[in-house]
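Working notes, beginning with the structure itself.
The values are calculated or read from the model by the stated rules, or taken from the named source; none is laboratory data. Predicted, not measured: the structure shown is a model, and the values here were computed from it. In this analysis, Cβ positions are derived from the backbone assuming ideal geometry, glycine residues included, and neighbour counts consider all displayed protein chains.
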Amino acid sequence: MRQKVIIVMLALVAILLARNLYAISMLPDEMRQGQIFRIIYFHVPAAAAAMTGSAVALVASVLFLVTKKFQYDALAVAVTEVGLAFLAVNLVTGSIWAHVIWGVWWAWDPRLTSALICWILYAGYMILRQALEEPTQRATFAAVYSIFAFTDVPIVYFSIRWWRTIHPQPVFFSKEGYFPPDWSRALAINMVAMFLLYAVLTMIRLRQEQTQREIDYLRRTVHAI
Amino acid sequence: MHLYTLTPVVAFLLQADADAIRDEIGRLQRNFQGLIWGFVAAWVILAAYTLMLTFRERKIRREMERLKSMVEESEKK
Amino acid sequence: MRFLSQVMVITAKDLRAEMRTKEAINASFAFALVILLILSFAFDPTEETTREISGGLLWIVFTFAGTLVLNRSFARELPNDCLDALIAAPVPGAALFLGKALANFVLILAVEFVALPVFGIFYNVRWTRQFWPLMLVLVLGTWGLTSIGTIFSALTVNIRLREVMLPLLVYPVMIPMLLGAMRLSALLVAGQPVTGDDTVWFKLLFGFDIIYTALSLVLMETVLLG
């Protein structure tokens, strides 16, 4: 049953993205920034999906600490790992965008900088998990760390935004203003597609995590015999 | 005679315009290239991660098979 | 009241243990001075622009030197199963956290009070012009560092690469607090009062400290038993 759900969702993602690619190419050019502006269709949804992922990881971690059920720990890992990939997409596309518009590979604007810090927080989570071998301890400590880290995400975002407004820097683009309605719809569709992709990858990773736990259990049984 | 003096002026003006056009074409090309690279990067990263997942899946499955056969063997004994 | 007396016992124990050997605090002093020295090579102290940003550099020194103290905090309990004894003691995890955090706070603050005059000498800044606001920033920032550092020290005490993992985990979480502390210190060390927009950083530091102290108090028990 799970397999079928995954396949259906993948198909949905493929359809949505193909349709969107067509729609994006047909849209008129954005006046000031030109073609590169279309990168927003990946840049923003990837960030939105990753941030939602961090919220899910926070909830999953709290639930694990409360219920001690390992499926919550598996969910936290899966969501964070996929979030790492999606944030990487956000950072790389943002960097390319900055290079085309301003000629610099990195612009210290609030959103990109927050995304970078979030990426480092996620990476810290994965490194901590690798350093701990005993499964219960690993799950518990990872959950504690993720509570600290993901509570930090909104704080990081606001503090860097204050930092950047007090020391003004070039702003990437203003979402308000000239965002025509057909652009918004294309963006919304791509958002849905990215979120679906995120969910699919998370489910695959989740299943792998559960299989890994079964393997560990089997291994212990075999060695016990 | 007037045409003679005018022509270099016209030629000069056209030349200036051609430069601006060339710049604009360069900018558009760079812009478009940037877009393509951006899309490529996004898809490459997602594909790389999906590949990582598939490799891990295969490794896990192999491990599972191995362990299952070990359990069966020891049960037969 | 029992809670407070338990906290005081643990703080006194940690401080006494540290004062007898002075391992961590000496290493921390020395480390702070070395970093100040190296920073003065990287950023020329005689330039006017450097003096303007020097308050920010202070926090690099404080963070790195503080990590040494924080690492020792739980590492000290490893030999002779002292950590197990602490966990088995009828002391709530929150009291243990608060006791150790207070001890670390005192130690790191001591290092900072030594580093500050040296910094003033190296960078030729009179940092005493906005003394009390600067002290407030120091206290708030150091408490943020200490609260997160103490609970992560407990988290990483049994991990192989403990000395590397602790900074790696603590620094990113601390970034908002560092932002505020650096910005305020840069202003105050240069003698300018904190006005208008910049007062938001004080609120950030307060909020940050409260949130993370609360989280640490709640989660310490889990970490100790994990």
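Scan the range B:51-77 for residues that are among the hydroxyl-bearing types (Ser, Thr, Tyr) and either more than 7 Å from chain A (Cβ to nearest Cβ) or surrounded by 15 or more Cβ atoms within 10 Å (Cβ to Cβ) (or both) and report the count. Step through it out loud before you land on a result.
So in the range B:51-77, the residues among the hydroxyl-bearing types (Ser, Thr, Tyr) come out as B:54, B:69, B:74.
Of the ones still in play, those that are also either more than 7 Å from chain A (Cβ to nearest Cβ) or surrounded by 15 or more Cβ atoms within 10 Å (Cβ to Cβ) (or both) are B:54, B:69.
Adding up the residues that qualify gives 2.
Among the residues making up the range A:141-156, those that are facing chain C (nearest Cβ under 9 Å) and in contact with a helix residue (DSSP H, G or I) (Cβ under 6 Å, 6 or more places away or on another chain) are A:Phe141, A:Ala143, A:Val144, A:Tyr145, A:Ile147, A:Phe148, A:Ala149, A:Asp152, A:Ile155, A:Val156. Of the residues in the range C:193-213, not one is more than 20 Å from A:Arg164 (Cα to Cα), of a type in the set (Val, Ile, Thr), at pLDDT below 90 and assigned to a helix (DSSP H, G or I).
Residue under question is C:Thr50, and the condition is that it be in a helix (DSSP H, G or I), hydroxyl-bearing (Ser, Thr, Tyr) and touching a helix residue (DSSP H, G or I) at 6+ places or on another chain (Cβ under 6 Å); does it hold? Against the criterion (in a helix (DSSP H, G or I), hydroxyl-bearing (Ser, Thr, Tyr) and touching a helix residue (DSSP H, G or I) at 6+ places or on another chain (Cβ under 6 Å)), C:Thr50 does not qualify.
For A:Ala85, are the conditions met, namely being part of a helix (DSSP H, G or I), more than 9 Å from every other protein chain (Cβ to nearest Cβ), in contact (Cβ under 8 Å) with a residue 12 or more places away in the chain and out of contact with any strand residue (DSSP E or B) (no Cβ under 7 Å at 6 or more places or on another chain)?
Numbers: part of a helix (DSSP H, G or I): yes; more than 9 Å from every other protein chain (Cβ to nearest Cβ): no; in contact (Cβ under 8 Å) with a residue 12 or more places away in the chain: yes; out of contact with any strand residue (DSSP E or B) (no Cβ under 7 Å at 6 or more places or on another chain): yes.
Taking the combined requirement at face value, the residue does not satisfy it.
Say we look at the range C:182-205 and pick out the residues that are of a type outside the set (Val, Ile, Thr) and surrounded by fewer than 15 Cβ atoms within 10 Å (Cβ to Cβ); which of these is farthest from C:Arg51 (Cα to Cα)? Steps first, answer last, please.
Step one: filter the range C:182-205 for residues of a type outside the set (Val, Ile, Thr), giving C:182-188, C:190-193, C:196-198, C:201-205.
From what's left, surrounded by fewer than 15 Cβ atoms within 10 Å (Cβ to Cβ): C:191-193, C:196-197, C:203.
Working: C:Gly191: 11, C:Gln192: 13, C:Pro193: 16, C:Gly196: 22, C:Asp197: 22, C:Lys203: 26 Å.
Per the stated criteria, the residue is C:Lys203.
C:Met19 meets all of the listed conditions (1) crowded, with 17+ Cβ neighbours inside 10 Å; (2) out of contact with any Pro (no Cβ under 8 Å at 6 or more places or on another chain) but one, namely (1).
Name the residue, out of C:Ile159, C:Ile121, that is surrounded by fewer than 22 Cβ atoms within 10 Å (Cβ to Cβ), without any contact (Cβ under 8 Å) to a residue 24 or more places away in the chain and outside any helix (DSSP H, G or I). Explain how you work it out, then say what you get.
Values: C:Ile121 fails: outside any helix (DSSP H, G or I).
Exactly one residue qualifies, and that residue is C:Ile159.
Pairing residues of the range A:96-122 that are part of a helix (DSSP H, G or I) with residues that are among the basic types (Lys, Arg), at Cβ distances under 6 Å and at least 6 apart in sequence or on separate chains, gives A:Pro110/A:Arg161; A:Pro110/A:Arg164. All of C:Thr128, C:Thr146 fail the test of being of a type outside the set (A, V, I, L, M, F, W, C) and more than 28 Å from C:Leu224 (Cβ to Cβ), apart from C:Thr128. Among the residues making up the range C:4-60, those that are modelled with pLDDT of 90 or more and among the aromatic types (Phe, Trp, Tyr) are C:Phe29, C:Phe31, C:Trp59. On inspection, B:Gly34 passes the criterion of being touching a His at 6+ places or on another chain (Cβ under 8 Å) and either in a helix (DSSP H, G or I) or modelled with pLDDT under 85 (or both). Within the range C:124-149, the set of residues being surrounded by fewer than 20 Cβ atoms within 10 Å (Cβ to Cβ) and in a helix (DSSP H, G or I) comprises C:Phe131, C:Trp132, C:Pro133, C:Met135, C:Leu136, C:Val139.
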